[in-house]
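Everything below concerns the one structure shown next.
Please treat every number below as a calculation from the coordinates, not as lab data. A quick note: this is a predicted structure, and the numbers were derived from the prediction, not measured. Reconstructed Cβ throughout: ideal geometry from the backbone, glycine too, with neighbour counts over all protein chains shown.
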Amino acid sequence: MARRGLRLLLTSQQTRGPESAHAGSDGSHPHASASHAHDRPGAAASLNRTAFAATWHCLTGCAIGEVLGLAIATALGWGNLASIVLAVVLAFFFGYALTLRPLVTGGVPTRQAARIALAADTVSITVMEIVDNGFILLVPGAMAAGLGDFLFWWSLAVGLFIAFWAAFPVNRALIARGRGHAAVHAYH
């Protein structure tokens, strides 16, 4: 059965030409719309890989911002609210910056790149920040822990780990609908 399918595929490539081998019956390209991803074999794995990469990208920006923000606030002896606000602001800053830089260096005008970054990352960063900071607030003593305390780093690491898995299905759903990080992939 597999050989027959392969033979049919090769025959259709020879008949229609190699450039149309991936085209739909109406000549359209199957990657033109993310909503048709479920129609292709392996599309779920590809969608999962793309969502994983987008979530990892988001985690990187969030982690840089969270660590830097909480470290600065802790070193300065700031209270919980100021610490969280600084960490969240820096998480958004670094999350957007990690998306903006390759777009701008790739020739996308700054204003357009900023709109793309906002569309790509806002929901994911928001989910990560709510989950991560919520977890840290729930861990007794985590907000009072100093930079040299195991509890500080443990709660931050576990919070980011949980936040990653909370944001993954959100990113997956957005990408499947052609939103979120799917907006960035048009420029790769």
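Applied to region 92-109, the Karplus parametrisation 6.51 cos²θ - 1.76 cosθ + 1.60 on θ = phi - 60° returns per-residue 3J(HN,Hα) values of 5, 4, 5, x, 5, 4, 5, 8, 5, 3, x, 5, 5, 5, x, x, 6, x Hz, with x for Gly and Pro. Structural size metrics of region 55-185, computed from C-alpha coordinates, are Rg and Dmax of 15.3, 47 Å. Highest mean packing comes first when the peptides 124-136, 153-165 are listed by Cβ atoms within 10 Å, giving 124-136, 153-165.
Neighbours of residue 162, meaning other residues whose beta-carbon lies under 14 angstrom from its beta-carbon, give a summed charge of -3 when Lys and Arg score +1 and Asp and Glu score -1. Here the 3J(HN,Hα) profile of region 127-138, calculated from phi with Karplus coefficients 6.51, -1.76 and 1.60 at θ = phi - 60°, is 4, 4, 5, 5, 5, 4, 5, x, 5, 4, 5, 7 Hz, Gly and Pro shown as x.
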